[in-house]
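Written below as structure tokens is the structure these notes are about.
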Amino acid sequence: MSAVNHTKLNFAVFLLAGIPGLEDIHLWISIPFCLMYGISIAGNSVILFIIKTDPSLHKPMYIFLSMLAITDLVLLIVSTPTTLGIFLFNSREISLDACFAQLFFIHSLQCIESSVLLLMAFDRFIAICNPLRYASILTLPRIAKMGLVCVLRGVAVILPLPFLLKQFRYCRSNVLSHSYCLHQDVMKLACSDIRVNYIYGLFITFFTVGLDSLLILLSYVMILKTVLSITSHTECLRALNTCVSHLCAVLLFYTPQMGLPVIHRFGNSSSHLLQILLSYIALLVPPLMNPIVYRVKTKHLRARIIRVLVK
């Protein structure tokens, strides 16, 4: 009877976790986290401000960059409260509904960011492979429709996850592995059969990150083929240079995104710390580094930022 009663238990809250083994210095760890959050928010906000206020930057490339900055900002807003709550105030409790809402927004925004990176690859493909039709293909109404499709796809593929998780009962443990909620972390705590979530999670990974990364790779194969056909060495390097910042953004986003599900599903107990570090990298590094990369490698954007700072 005790075993039956135990399986019927359902927790009212989850307990989030910081970095295991370093609980005594969580307050010190919060300092670099606060710095990274502050720099990320300031960097993306500056890019949005410059693009919005400078009419010469109202071009497809910079509009897509502003979409990326907005996505990064919202992702930071969603993940920051629980992370800093743990490191600063040791506030670990989160209700089930709040946890499901947070994982919905985190995964949706990551899908949207993947789609935006694909659109940016398409932008570079048109600019290099078909420059004469660039302005006629990437019109403002068409860009707006592309952005709307990105948002709808991200919401549509992730929306079933909270409802699937809500059907489960959680009786094994209520302690999560991260300072925010992730689908693959929460579903492991369920006593129910999670095969549907497991299969659907794999489908989401392949349909979003996997498909987008494959299409981005295909775009760059076509770009490289076009660039290598250019006889002028200077023009060839100039064309490739316009892709460097986007390639950096792609590597920063997809490397941890592809590694984290693999470690979650096939890793053992010794890789637990690696899971946690990789999850922080996946959430913090792209919003932190994207503004820096684009400011360093994009001449026009860098010039506008310097002009504003000098004023």
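Listed values, structure above:
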| quantity | calculated |
| --- | --- |
| In the range 18-52, the residues that are β-branched (Val, Ile, Thr), part of a helix (DSSP H, G or I) and farther than 26 Å from Phe122 by Cβ | Ile25, Ile29, Ile31, Ile39, Ile41 |
| Residue tally, condition closer than 30 Å to Met61 by Cα and not in a helix (DSSP H, G or I), over the range 144-196 | 1 |
| Criterion violated by Leu148 - all others in (1) more than 30 Å from Thr242 (Cα to Cα); (2) under 24 Å from the mean Cα position of the chain (by Cα); (3) surrounded by fewer than 11 Cβ atoms within 10 Å (Cβ to Cβ) satisfied | (1) |
| Verdict on Val74 being under 30 Å from Lys188 (Cβ atoms), surrounded by fewer than 19 Cβ atoms within 10 Å (Cβ to Cβ) and touching a helix residue (DSSP H, G or I) at 6+ places or on another chain (Cβ under 7 Å) | yes |
| Neighbours by Cβ (under 7 Å, 6+ apart or cross-chain): first from the range 20-39, without any contact (Cβ under 8 Å) to a residue 12 or more places away in the chain; second surrounded by 16 or more Cβ atoms within 10 Å (Cβ to Cβ) | Leu22/Ile29 |
| Options Phe87, Phe105; residue that is at pLDDT 95 or above and either under 22 Å from Gly43 (Cβ atoms) or crowded, with 22+ Cβ neighbours inside 10 Å (or both) | Phe105 |
| Helices (runs of 4 or more DSSP H) contained entirely in the range 212-297, each with at least 2 residues that are modelled with pLDDT under 85 and more than 27 Å from Ser108 (Cα to Cα) | 233-241, 272-297 |
| Scan of the range 179-229 for residues that are of a type in the set (Phe, Trp, Tyr) and either surrounded by fewer than 13 Cβ atoms within 10 Å (Cβ to Cβ) or more than 18 Å from Ile126 (Cα to Cα) (or both), ordered by number | Tyr180, Tyr198, Tyr200, Phe203, Phe206, Phe207 |
| Selected residue (only one of Ser56, Ser66 is in a helix (DSSP H, G or I), on the phi < 0 side of the Ramachandran plot and either in contact with a strand residue (DSSP E or B) (Cβ under 6 Å, 6 or more places away or on another chain) or crowded, with 19+ Cβ neighbours inside 10 Å (or both)) | Ser66 |
| Verdict on Ser245 being of a type in the set (Gly, Ala, Ser) and touching a residue at least 60 places away in the same chain (Cβ under 8 Å) | no |
| Residue check, Ala121 in a helix (DSSP H, G or I), in contact (Cβ under 8 Å) with a residue 24 or more places away in the chain and either closer than 29 Å to Pro20 by Cα or touching a His at 6+ places or on another chain (Cβ under 7 Å) (or both) | yes |
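The values are calculated or read from the model by the stated rules, or taken from the named source; none is laboratory data. Owing to the predicted nature of the structure, the values given are computational and were not obtained by experimental measurement. Counting neighbours? That spans all protein chains shown, and the Cβs are built from the backbone with ideal geometry, glycine included.
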